[in-house]
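These notes concern the structure reproduced below.
Coordinate-derived values only; no laboratory data. This one's a predicted model, so the numbers in the text were calculated from it and none came from an experiment. A quick note on method: Cβ atoms are made from the backbone with ideal geometry, for glycine too, and the neighbour counts reach across all protein chains shown.
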Amino acid sequence: MREIPAPVRGAHGLPVLGQLLDYARDPQALFERQWTTYGAVSPLRVAGRHRWAMLLGADALEAVFTNRDKAFANQPAWSYLVGPFFHGGLMLLDFEEHHLHRRILQQAFTRDRLEGYTARVHPAVARGVASWEPGRDFRAYPALKALTLDIAADIFMGGAEHTSPQQMDRVNRAFIDCVQAATSVVRMPVPPGRWWRGHRGRRLLEEFLRSYLPERRASETPDLLSQLCHVRSEDGEGLTDDQVVDHMVFLMMAAHDTSTITLSTMLELLGKHPDWQERCRAESRALGGQPSLAELDTLTSLDLVMRECLRLRAPVPVVVRKAVRETVVLGHRIPEGTFLMVSPQFTHLQPELWDDPHRFDPERFGPERREDKRHRHAWDPFGGGVHKCLGLFFAGAEVKAVMHHLLRRFEWRVDPDYTAPLDNHSLPFPVDGQPVDLYPLGGHR
Ligand code: HEM
């Protein structure tokens, strides 16, 4: 059995900050360097006192997601990055407790529920998009972010009826602050640092959600917040107010940040590939304005494009784990206490698994080629194993419903030489707001 390799001289980032800064600068370059220098299991230097390793490649993903000997835990690893802001969220629970809460939350994601949510997404998108002012250099990313937060508020909270648009902007800012706190170098609540802004954001989110609890406890409605207020385990136990708030903060973050990234990547790539945009539009035109969940499933070109965008720019490029007991991965001993960074994004771009991996080529997911079937973990934008994304079908329906509206209402172009400059401090987002030339269909330019 081998040990995690010793660091090669000069390949270990800056003193103090370690390789987190390399990651923020260019995650793919860091993955490739680690892979070519060490292979699937490599040492990683991250500020702080913990030992870290990076696991790369589809076989490593399989080992972590299968977690055969229950050696890998989520809570201590994700808590290290985002604990003060997302504690108690499903992704930050482990083993028995995770299983129990996942079963409760699953009740809110059945096919019937998704059908109901999809019906509510359409009017929310129509309302949101009505305020857009299309034109040259339309900043797609902030517009999509506000839209997906409104959708999440509507579907998960039954509408935030007592919250003004200005307050909603503050809520959006609070989510951003919580997510971005993940990579603070200074992990102390000192103003105006990221960590401090994350704490301030969490307090605001708690107040916002708690203000809706009494009403949702009083009567049961179809939204997730109300469902969490009324749900009971087999022995009649309900969730406390704190548990409801913890789940909601995490779910609303998970539900709007990742979908926004997916949508903005789709806008960018469809803007650069008008042939695909036209192909998707033709399918959308064949459907009505408010397609059901089953009808959204017939948008096959849009589905191929979504998969390809999730491959090229995974909204969650890495997941983290902590080895809570010693284990072995691909012949390497992983000592108890090791923190692990595991990257689905790296696998998505491996030439061993994908033809011309950096090329936008949605047909690679088509029935003739199915490149994603080359390994069970070749394409893992939603993770895998017991922590696999709970919202993946909702995400697919939401993204397609939003795109369906945009395709029927607008056409857009993006310079083929443009590539979104990404901020990788937390989930990747375009720092320039993702400009696209957006025009009403058939309108004047
Ligand atoms: C394109 C959109 C999305 C992507 C790429 C995505 C990705 C992921 C990934 C990679 C994980 C696994 C994290 C880990 O293993 O540590 C995860 C977990 C999770 N996601 Fe998503 N997600 C998306 C949308 C959503 C939406 C819309 C919701 C809610 C409606 C959601 C709720 C969750 C929850 C609750 C978990 C934790 C599951 C568990 O630990 O059991 N996600 N997501």
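Of note:
- Sparsely packed loop sites in segment 35-81 (the chymotrypsin sites (Phe, Trp or Tyr not before Pro) outside DSSP H, G, I, E and B with at most 16 other Cβ atoms within 10 Å) do not occur.
- Neighbour net charge for Asp356 - beta-carbon separation under 11 angstrom, K R +1, D E -1: -1
- A Förster distance of 35 Å, applied to the separation of the beta-carbon atoms of His50 and Glu283, puts the FRET efficiency at 0.10.
- Length available on full extension from Tyr418 to Lys388: 0.36 nm per residue minus the Cα-Cα distance, which gives 7.5 nm.
- In this simple spin-label approximation, Arg210 and Leu330 carry label points 7 Å from Cα along the Cα→Cβ vector, and these lie 4.6 nm apart.
- For the chain, calculated [θ]222 nm from helices alone, where every DSSP H run of n ≥ 4 adds -39500 (n - 2.57): -15500 deg cm²/dmol
- Under Karplus coefficients 6.51, -1.76 and 1.60, residue-wise ³J(HN,Hα) of segment 37-47 in Hz, glycine/proline x: 6, 10, x, 5, 10, 9, x, 9, 9, 10, 3
- Packing order of peptides 152-159, 127-134, 231-238, highest average first: 152-159, 127-134, 231-238 (average count of other Cβ atoms within 10 Å over each peptide's residues).
- 14 Å beta-carbon shell around Trp276, net charge (K/R +1, D/E -1): -2
- For segment 20-440, the antiparallel share of DSSP beta bridges with both residues in that region comes to about 85%.
- Added length on full extension, which subtracts the Cα-Cα distance from 0.36 nm per residue, Gln290 to Ala218: 22.8 nm
- The distance separating the Cα centre of segment 225-250 from that of segment 378-445 comes to 31 Å.
- Neighbourhood net charge (11 Å Cβ-Cβ; Lys/Arg +1, Asp/Glu -1) for Gln75: 0
- Of every Cα-Cα pair in the chain, the percent that sits beyond 36 Å: 27 percent
- Remark: relative contact order (segment 20-440) = 27 percent; criterion is Cα-Cα distance under 8 angstrom and separation of 6 or more residues.
- Proxy reagent accessibility, fewest Cβ within 10 Å first, across Phe86, Phe138, Phe175: Phe138, Phe175, Phe86
- Segment Arg203-Glu32, length gained on full extension (0.36 nm per residue, minus Cα span): 57.7 nm
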